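The values are calculated or read from the model by the stated rules, or taken from the named source; none is laboratory data. What you see is a predicted model, and the numbers here were worked out from it, not measured in a lab. Glycine also receives a Cβ, built like all others from the backbone with ideal geometry; neighbour counts cover every protein chain displayed.
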Amino acid sequence: MPAASSRPLREDIILLHGILKTPFELLPAALYLRSKGYSVHLLGYRTSQGHIHEIAEKIWHDMKSKHLDNPELRLHFVAHSMGGLVVHDIIKNHVPEKLGRVVLWGTPLQGCEYADRLNESGFWGPIYRWLWGRAGQDLQVKTADPERDRVISYEAGVIAGSASINPMAHWFLKGSGAHDGIVPVARTKRTGLADHLILPLSHTGLLVSPIVFRQTVHFLRTGRFLHPV
């Protein structure tokens, strides 16, 4: 009988963007990760496709159509902002057989005051609800989401930004502590995270930072970020 193959599993990464973004914003990260030997898949969605769970089901369908649920590969996830909540929903409902590690950039694991205050604004509220759709409602701190109190059961690390270039953040995130212009650092934490790293970057800056890319690869390989940076 021939010996069982000892060939290592192929390591693939699914890259997911945040709300009102497109896969195009993740191209710098995709190119870097591919240079490190990973097979990278850029999957996209439209905010108007529904609540976060509905978007997650759409992404899972796309994954299956591309055979990314294949047990012959080890599947990692890297996601920006709301994309991390989509990843969480996918893993909760459809655990990939060879799930690898997960890196989240600026993901509001505990909701985001920015979403609450936009929604409550007399001027910005209608625009927010039109642009951000039902998924935007899921991002609000006031939204009752039992997942926020549950321990993360997979190997995940978060990179949070603490620098803002958003002029509206002064009003919408007043009193929220350090933030990246959209998401407060405190809202990127949840019990069960393997590691958490704060960098002086804006929410958008997380998408293009070589330091973020290097730290992401280090976590994918070791399960920890490099401290200090």
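Some observations on this one:
- D180 being free of Cβ contacts under 8 Å to residues at least 60 places away in the same chain, of a type in the set (D, E) and crowded, with 19+ Cβ neighbours inside 10 Å: no
- Scope segment 165-214; condition of a type in the set (K, R), more than 15 Å from the chain's Cα centre (by Cα) and at pLDDT 95 or above; matching residues: R214
- Residue among I198, I182, I159 that is out of contact with any Lys or Arg (no Cβ under 9 Å at 6 or more places or on another chain) and assigned to a loop (DSSP other than H, G, I, E, B): I182
- Residue satisfying condition, being under 15 Å from T216 (Cα atoms), at pLDDT below 95 and not aromatic (F, W, Y), within set E11, E72: E11
- Here P146 clears all of (1) more than 15 Å from D116 (Cα to Cα); (2) at pLDDT below 95; (3) in contact with a helix residue (DSSP H, G or I) (Cβ under 9 Å, 6 or more places away or on another chain) except the condition numbered (3).
- The single condition among (1) surrounded by 14 or more Cβ atoms within 10 Å (Cβ to Cβ); (2) touching a residue at least 60 places away in the same chain (Cβ under 8 Å) that F172 does not satisfy is (2).
- Top-ranked residue in segment 215-229 [being among the aliphatic types (A, V, I, L, M) and over 16 Å from the mean Cα position of the chain (by Cα); ranked as surrounded by the most Cβ atoms within 10 Å (Cβ to Cβ)]: L226
- Of the residues E11, E25, the single one that is closer than 29 Å to W132 by Cβ, charged (D, E, K, R) and in contact with a Leu (Cβ under 8 Å, 6 or more places away or on another chain) is E25.
For every residue, the table says whether it meets (1) on the phi > 0 side of the Ramachandran plot; (2) under 15 Å from the mean Cα position of the chain (by Cα).
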residue: S65; (1), (2): no, no
residue: L85; (1), (2): no, yes
residue: K98; (1), (2): no, no
residue: V102; (1), (2): no, yes
residue: P108; (1), (2): no, yes
residue: G133; (1), (2): yes, no
residue: Q137; (1), (2): no, no
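- For segment 131-148, filtering for residues that are in a helix (DSSP H, G or I) and free of Cβ contacts under 8 Å to residues at least 12 places away in the same chain leaves 1.
- Which listed residue is within 20 Å of V87 (Cα to Cα) and of a type outside the set (D, E, K, R), from A135, A169, A178: A135
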